[in-house]
Amino acid sequence: MSVKEWKGSCCASGLKVGIVVSRFNETITERLLEGALQALRRCGVKEEDLTVVRVPGAFEVPLAAEKLARSGKKDALVCLSAVIRGETPHFDYICSHTTRGIGEVSLRCKIPVGYGILTADTVEQAANRAGLKYGNKGEEAALTAIEMANLMREMERERL
């Protein structure tokens, strides 16, 4: 007897994807968005199947993501933002709220959400994770969303 194994693919042909990106720390978030869009196009998502929603900051990302998810018109979401530590505990509250909110959207609405929220101590750290040195976390979040969307489709087909 063999073990049944499930694994999503990164073929995104026919998938409809929503991206929520914050404007705060725009030099970083635009790089994240560019990485996500390049990955989605490379995987076969058509321009007409992409929606980008821009919000003021990380705090607003979960609400916009939930609105997209509840529309029923998206197969996957990608959430992008950059939160950089300052001199007050504000960073901790924003990171916690944003992360929890995105996770709740995914579970409540049963939709894959690629998590591309950078939490960094410095602008340099954020820039390095937005394509300068350590890859692009926007690209990684997009690929994760696609893989999970395909995995969920496959599991639904098998009625798991």
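The values are calculated or read from the model by the stated rules, or taken from the named source; none is laboratory data. What you are looking at is a predicted structure, and each value in this text was computed from that prediction instead of being measured. As a convention, Cβ positions derive from the backbone with ideal geometry for all residues, glycine included, and neighbour counts pool all protein chains shown.
Of the helices (runs of 4 or more DSSP H) that lie entirely inside the range 64-160, those containing 3 or more residues that are in contact with a strand residue (DSSP E or B) (Cβ under 7 Å, 6 or more places away or on another chain) and small (Gly, Ala, Ser) span 137-157.
Identify the residue in the range 11-44 that is among the basic types (Lys, Arg) and assigned to a loop (DSSP other than H, G, I, E, B) and, among all such residues, is nearest to the chain's Cα centre (by Cα).
Let us first name the residues in the range 11-44 that are among the basic types (Lys, Arg), namely 16, 23, 31, 41-42.
Cutting the leftovers down to assigned to a loop (DSSP other than H, G, I, E, B) gives us 16, 23.
Numbers: 16: 13, 23: 15 Å.
The residue in question is 16.
Being loosely packed, with under 15 Cβ neighbours inside 10 Å and either under 20 Å from residue 109 (Cβ atoms) or not small (Gly, Ala, Ser) (or both): is that true of residue 46 here? Please lay out each step first, then the result.
Details: loosely packed, with under 15 Cβ neighbours inside 10 Å: yes; either under 20 Å from residue 109 (Cβ atoms) or not small (Gly, Ala, Ser) (or both): yes.
Judged against the criteria, residue 46 is a match.
Tell me which residues, restricted to the range 51-84, are of a type in the set (Lys, Arg) and either touching a Cys at 6+ places or on another chain (Cβ under 9 Å) or closer than 15 Å to residue 104 by Cα (or both).
Start the filter on the range 51-84 by keeping residues that are of a type in the set (Lys, Arg), which leaves 54, 67, 70, 73-74.
67, 70, listed by residue number.
Just one of the listed residues (115, 93, 134) is more than 29 Å from residue 15 (Cα to Cα) and among the hydroxyl-bearing types (Ser, Thr, Tyr), and it is 93. Look at the range 72-85: where a residue is at negative phi and a partner is among the aromatic types (Phe, Trp, Tyr) and modelled with pLDDT of 95 or more, sitting 6+ places away or on another chain with Cβ atoms under 7 Å, you get 79/115.
Given the condition hydroxyl-bearing (Ser, Thr, Tyr), in contact with a Lys or Arg (Cβ under 8 Å, 6 or more places away or on another chain) and either at pLDDT below 95 or exposed (fewer than 13 other Cβ atoms within 10 Å of the Cβ) (or both), answer yes or no: does some residue in the range 96-104 qualify? Within the range 96-104 (the criterion being hydroxyl-bearing (Ser, Thr, Tyr), in contact with a Lys or Arg (Cβ under 8 Å, 6 or more places away or on another chain) and either at pLDDT below 95 or exposed (fewer than 13 other Cβ atoms within 10 Å of the Cβ) (or both)), the answer is no, since none of the residues qualifies.
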